[in-house]
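Enquirer: This is the structure I want to talk about, given as structure tokens.
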Amino acid sequence: MPYRPWFPERIARVDALYSLHYFSFRPGYVYPGERHPFWELVYADMGGATLGDDGLEIPIGPGQCLIHAPNAFHTIRANLSPETNLFVVSFGSDSTALRALARRPISLNTECGRIVRRMVLEADGFCGPVLDITAQEALVPMPGAPYGSGELIALHLETLLLLLLRQAHGEAEPPPKRAPVTEQQEMLSLVAAAEAFMRGHLDGSIRLDDICKHIGVGRTTLKRLFRQCLNSGVMEHYQSLRLKEACRHLRSGRVNVSQVAYELGYSSLPAFSRQFRRMLGITPREYTLLVNDSVPRRP
């Protein structure tokens with residue numbers, strides 16, 4: 001018998017990605033604003049901000065997002081929380097349905113929050129340390145970026161937009177199937193305890209057995225938890241935390257590359273540079289030049 005296809009409407013089709021950012025702002029930081037002919041989604045991962053949209057001031061808090069329509073003049077003013085972390089993605093779409101989402105704060109449910117976190121993780125692997133560069137004029141995949149990561153970001157974004165449109169039309173999402181709450185909470189609390197231990201020892205002084213001993217689980221169990229919860233190896237995550245701390249020091253401009261390597265416990269400057277380049281795709285000095293050239297000093 002002949003088959004007749006059904007063609008999806010593509011209600012929230014994403015045609016292009018223009019920029020991906022993950023910014024950490026100090027209290028009171030102000031971005032004077034811009035306008036561009038494509039959409040922009042701003043998600044508050046931590047803290048809060050007041051976003052301007054064609055003269056309308058709209059506050060958003062943790063777990064909320066705001067979508068700017070094409071050619072809307074938009075600004076950012078970080079609130080007075082100790083730190084404000086914003087994930088920003090700019091994208092092209094001909095969808096008129098997205099107008100229903102523009103210019104209003106939207107609280108993300110659990111599933112939407114998970115999609116945003118997947119996008120952040122993919123973006124970090126896709127374009128690396130330039131996520132915090134203001135003057136990002138083109139998305140250039142890092143050498144060795146995960147296969148298909150750019151397309152996966154676009155697909156995650158389309159899924160997020162569709163779920164937000166369902167929410168806007170009053171259609172509640174069914175609760176996702178998940179592990180029992182007690183089991184899930186226990187897994188997340190163990191991973192959180194391990195990460196807190198890592199953050200307290202960013203000088204490279206701990207090994208896998210030290211982390212296992214601290215939280216009271218075996219090596220196999222700890223590796224499984226990190227794979228299930230973070231999709232990462234334990235020591236790989238530890239090295240990532242150390243290098244993010246290195247980036248924070250380099251952005252501050254108060255210390256040089258050699259001092260950062262020493263403070264984070266690397267055996268030598270070449271060893272630090274190799275690890276930095278292996279995980280982020282550029283050398284510490286190249287990162288410092290990018291930051292100094294592209295990021296305006298924050299008050």
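Enquirer: Being outside the structural domain of Glu40 (by TED's automatic domain parsing), out of contact with any helix residue (DSSP H, G or I) (no Cβ under 8 Å at 6 or more places or on another chain) and either at pLDDT below 90 or closer than 30 Å to Arg10 by Cα (or both), is that true of even one residue in region 187-195?
Expert: yes
Enquirer: For region 33-42, give me each residue that is at pLDDT 95 or above, assigned to a strand (DSSP E or B) and of a type outside the set (A, V, I, L, M).
Expert: Hits for region 33-42 are Trp39, Glu40.
Enquirer: Moving to a separate point now. Looking at region 40-55, is at least one residue in the same structural domain as Leu164 (by TED's automatic domain parsing), within 19 Å of the chain's Cα centre (by Cα) and of a type in the set (Phe, Trp, Tyr)?
Expert: Yes; the residues of region 40-55 include at least one that is in the same structural domain as Leu164 (by TED's automatic domain parsing), within 19 Å of the chain's Cα centre (by Cα) and of a type in the set (Phe, Trp, Tyr).
Enquirer: Pick out, from region 199-283, the helices (runs of 4 or more DSSP H) lying fully within it that include 1 or more residues that are within 23 Å of Ala145 (Cα to Cα) and touching a residue at least 60 places away in the same chain (Cβ under 8 Å).
Expert: Because the criterion is at least 1 residues that are within 23 Å of Ala145 (Cα to Cα) and touching a residue at least 60 places away in the same chain (Cβ under 8 Å), the helices (runs of 4 or more DSSP H) in region 199-283 that meet it are 234-252, 269-280.
Enquirer: Residues in region 196-226 that are closer than 18 Å to Gln185 by Cα and surrounded by fewer than 16 Cβ atoms within 10 Å (Cβ to Cβ): how many?
Expert: 4
Enquirer: A follow-up question, please. Please go through region 132-152 and pick out each residue that is free of Cβ contacts under 8 Å to residues at least 60 places away in the same chain and over 18 Å from Tyr287 (Cβ atoms).
Expert: Pro146, Tyr147, Gly148, Ser149, Glu151, Leu152
Enquirer: Surrounded by 13 or more Cβ atoms within 10 Å (Cβ to Cβ), outside the structural domain of Asn79 (by TED's automatic domain parsing) and of a type outside the set (Gly, Ala, Ser): is that true of Pro284 in this structure?
Expert: Yes: the conditions hold for Pro284.
Enquirer: Got a number for residues in region 59-71 being surrounded by fewer than 17 Cβ atoms within 10 Å (Cβ to Cβ) and assigned to a strand (DSSP E or B)?
Expert: 1
Enquirer: Within region 75-87, can one find any residue that is in contact with an Asp or Glu (Cβ under 8 Å, 6 or more places away or on another chain) and on the phi > 0 side of the Ramachandran plot?
Expert: Within region 75-87 (the criterion being in contact with an Asp or Glu (Cβ under 8 Å, 6 or more places away or on another chain) and on the phi > 0 side of the Ramachandran plot), the answer is no, since none of the residues qualifies.
Enquirer: Can you name every residue in region 239-265 that is touching a Ser or Thr at 6+ places or on another chain (Cβ under 9 Å) and at negative phi?
Expert: Correct list: Ser240, Arg248, Leu250, Arg251, Asn256, Val257, Ala261.
Enquirer: For region 234-244, state whether one or more residues are small (Gly, Ala, Ser), over 20 Å from Met142 (Cβ atoms) and in contact with an Asp or Glu (Cβ under 9 Å, 6 or more places away or on another chain).
Expert: So far as region 234-244 goes, no, none of its residues is small (Gly, Ala, Ser), over 20 Å from Met142 (Cβ atoms) and in contact with an Asp or Glu (Cβ under 9 Å, 6 or more places away or on another chain).
The values are calculated or read from the model by the stated rules, or taken from the named source; none is laboratory data. Just so it is clear, the structure is predicted and the values come from calculations on it, not from any experiment. Neighbour counts are summed over all protein chains in view; Cβ atoms, including those assigned to glycine, are modelled from backbone coordinates with ideal geometry.
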